Amino acid sequence: FVNKAVNATESFARQRGFLDKVSDILERADLPMRAAEYLLISFSASLATFAVFFLVGKIIFALIAAMIVGGICYYIPQFLARKRLKKFEAQLPDMLHLLAGTLRAGYSLPQGLDAVSKEMEDPMGEEIYRAMSQAQLGRELDDSLKSVATRLNSPDFAWVVMAISIQREVGGNLNELLTSVADTITERDRLKREVSALTAEGRVSAGVLTM
């Protein structure tokens with residue numbers, strides 16, 4: 001019965017055109033389940049909430065509670081995906097410095113990336129390991145790295161991959177390039193934090209006035 005329900009949910013979501021979107025967000029959030037399974041769980045939770053509140057209260061409360069549960073189910077993978085992306089991009093400067101160090105030690109780029117995948121914590125280590133596994137199976141290394149940027153929706157990592165691709169085509173000192181990119185990302189993040197601190201009072205005041 002559960003398998004039939006999952007298959008029916010998958011067919012419905014595919015026909016409506018949002019199955020792939022749900023799959024992408026679940027993958028970014030690193031939730032190990034199919035999109036149809038998560039949709040079925042979310043629908044079942046909302047339906048069960050509606051039934052419970054309908055039995056003990058009024059239908060309007062049941063509808064509101066079901067909508068809240070549905071919203072929470074929608075928000076959870078979004079929140080986890082943003083949290084994972086934030087951690088991934090926070091690891092990016094350290095990853096670039098580590099990769100540059102392996103290149104200075106005489107490693108090739110694939111060897112350096114393989115070393116990085118073993119040294120870095122997740123999600124960086126996991127994503128680089130996945131890219132290297134794809135490259136070992138015959139996929140182009142640039143394409144494997146681009147898939148990481150696309151899967152996580154990370155513009156910073158896409159920028160890094162583009163820089164590596166250009167350098168491999170035109171030549172040059174890759175470890176200096178990676179160090180320069182890492183320093184640029186670090187300086188930009190520092191500037192963002194400074195701007196956020198300087199505008200905090202104004203943002204809080206605007207929020208209070210809005211409320």
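The values are calculated or read from the model by the stated rules, or taken from the named source; none is laboratory data. Treat the numbers as computed from the prediction; the structure is a model and nothing was measured. Neighbour counts run over all protein chains shown; Cβ positions are idealised from the backbone, glycine included. For the accessible areas, the whole protein counts, side chains as well, though only heavy atoms, and no ligand, DNA or RNA atoms are used. Shrake-Rupley method; radii C 1.70, N 1.55, O 1.52, S 1.80 Å.
Taking (1) more than 30 Å from D30 (Cβ to Cβ); (2) touching a Leu at 6+ places or on another chain (Cβ under 9 Å); (3) of a type in the set (A, V, I, L, M, F, W, C) in turn, A197 satisfies each apart from (2). State whether the residues of region 87-101 include one that is farther than 25 Å from V2 by Cα, within 15 Å of the chain's Cα centre (by Cα), open to solvent by less than 50 Å² (accessible area, probe 1.4 Å) and aromatic (F, W, Y). Among the residues of region 87-101, at least one is farther than 25 Å from V2 by Cα, within 15 Å of the chain's Cα centre (by Cα), open to solvent by less than 50 Å² (accessible area, probe 1.4 Å) and aromatic (F, W, Y), which makes the answer yes.
In region 125-183, the residue that is farthest from Q111 (Cα to Cα) out of those that are crowded, with 17+ Cβ neighbours inside 10 Å and either touching a His at 6+ places or on another chain (Cβ under 8 Å) or basic (K, R) (or both) is A182.
Here is a yes/no grid of residues against (1) modelled with pLDDT under 90; (2) within 21 Å of S180 (Cβ to Cβ):
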| residue | (1), (2) |
| --- | --- |
| Q91 | no, yes |
| G106 | yes, yes |
| L109 | yes, yes |
| Y129 | no, no |
| N153 | yes, no |
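The rows are residues; the columns are (1) among the hydroxyl-bearing types (S, T, Y); (2) under 28 Å from K21 (Cβ atoms).
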{"site": "T102", "(1), (2)": "yes, no"}
{"site": "R130", "(1), (2)": "no, yes"}
{"site": "L137", "(1), (2)": "no, yes"}
{"site": "N153", "(1), (2)": "no, yes"}
{"site": "V160", "(1), (2)": "no, yes"}
{"site": "S165", "(1), (2)": "yes, yes"}
{"site": "S180", "(1), (2)": "yes, no"}
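Regarding F53, is this residue out of contact with any Cys (no Cβ under 6 Å at 6 or more places or on another chain), open to solvent by 30 Å² or more (accessible area, probe 1.4 Å), at pLDDT 90 or above and closer than 21 Å to I41 by Cβ? In short, no. Contact annotation: residue pairs with Cβ atoms under 9 Å, 6 or more positions apart or on different chains, pairing a residue in region 166-177 that is touching a residue at least 12 places away in the same chain (Cβ under 8 Å) with a partner that is assigned to a helix (DSSP H, G or I) and acidic (D, E), are R168/D142. The number of residues in region 65-86 that are open to solvent by less than 70 Å² (accessible area, probe 1.4 Å) and without any contact (Cβ under 8 Å) to a residue 24 or more places away in the chain comes to 3.
A36 meets all of the listed conditions (1) open to solvent by 70 Å² or more (accessible area, probe 1.4 Å); (2) farther than 30 Å from Q167 by Cα but one, namely (1).
Per the listing A29, A13, A36, the residue uniquely touching a Ser or Thr at 6+ places or on another chain (Cβ under 8 Å) and within 30 Å of S154 (Cβ to Cβ) is A36.
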